[in-house]
Structures are given as structure tokens and as C-alpha cells.
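I have placed the structure first, in the form of C-alpha cells, so that the comments after it can refer back to it.
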Amino acid sequence: MKSIIAASLAFAAFALPALADEVWSTPVGDVIYEDDLTTGEAVLSFPTGDPEIRSMAYFTGMAGVFTGRTYFEGVWTEPEVGDACAVAIADPRTGEPRHNWGRIQIVFTEPDFPGGWVAMRGSCFDTPDQFLVGKPVTAQ
């Protein structure tokens, strides 16, 4: 009986992707699926120029979606580095005010896990104009 339970648990571990197991390789470093918020946002972290700081992206409606992914919008935030934007927003995860933020969009190139994507971001209220391509990191 124990072996059946162990086998079932092992199978279940492979049936659905774990959030922290979803990682994409990009030209600027790895992007990690960090968490799902109860408000429906998927939380991804992106590298910045400083290895101690990661940008956080919150994609509306993407929480728990691992099949049929297409296009999602949201916002990104980073810890304060001067006053980048005249208006602060509340960080969706922490509630802290952030002046370093902007809009972000992600388009999946394959609809199911693991799939690649193209993300576009802009600063503050600007139209997204910075592009980043992510390729899934999978076990070899």
C-alpha cells in the first residue's frame, strides 16, 4: 500500500508544474515563476543590472494557468532607485508604494507548459517598448 501511495504522489508531482520549477532563460538571466496571488496574478521575477535586486512582474489572470496560455498584461515593480515615475503604485504583493514601475505584457509562443514567451515592458504609463525573449529551462 505504501508503494502505491508513494507512486501516486510521485506521479502527481509530475502531473502539474510546481511554480518555482518554471524557469525561463533570457539574454539578461533567468526569469522565475515565483508565486500566485489570491487576486489572480501570477508573480514572475526578472533579473536587473544588480544581482541583489529582482524586478517583480504581476500578470493579471495568469495565476495557475499552465495550458492554453496566450497573452497577459500586468505591471512590474522594482525597489526604489530614485523617483523613476512621478506617480507611485502599490506593489501588488507587498502593498509598498513604488515609483519604479511600469506596464508589462507577455505573449506565449507555445500555449502549454513548458512554453516560451516574448515580454514587452515600458516605464510608468509609457507604451511597452523593451522586449525580452524567454525560453523554457527543462530537465535534460
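A few points about this structure:
- Charge-dipole axis of the range 22-101 as Lys and Arg at +1 and Asp and Glu at -1 on Cβ define it, positive-most pick from F66, P51, A90: F66
- Charge context of D91, other residues only, Cβ under 10 angstrom, K/R +1, D/E -1: 0
- Nitroxide proxy distance, nm - points 7 Å out along Cα→Cβ at T39 and F125: 2.0
- Within the accessible area of the range 32-138 (1.4 Å probe), percent carbon and sulfur: 56
- Nearest-20 debye value, the range 73-140 charge dipole, Cβ charges on Lys, Arg, Asp, Glu: 120
- Working from label points 7 Å from Cα in the Cα-to-Cβ sense, the T26 to E73 distance is 1.9 nm.
- In the range 88-140, the DSSP beta bridges split such that about 90 percent are antiparallel, to the nearest 5.
- Amide H contacts of S55 (H built 1.01 Å from N, under 5 Å, at least 5 apart or other chain): F46, T48
- Value of relative contact order over the range 31-140, rounded to a whole percent, pairs C-alpha under 8 Å and six or more apart: 18
- A Förster radius of 30 Å combined with the Cβ-Cβ distance from A84 to D112 puts the calculated FRET efficiency at roughly 0.25.
- Size of charge dipole - the range 30-122 - debye, nearest 20, with Cβ of Lys, Arg +1 and Asp, Glu -1, no other charges: 280
- Probe 1.4 Å, protein heavy atoms only - accessible area per residue of the range 21-137 in square angstrom: 50
The values are calculated or read from the model by the stated rules, or taken from the named source; none is laboratory data. Please read these numbers as outputs of a predicted model, since none were measured by experiment. Positions of Cβ are generated from backbone atoms using ideal geometry, with glycine treated the same way; all protein chains shown enter the neighbour counts. Accessible surface is based on the protein model in full, side chains and every heavy atom, while ligands, DNA and RNA are left aside. Shrake-Rupley method; radii C 1.70, N 1.55, O 1.52, S 1.80 Å.
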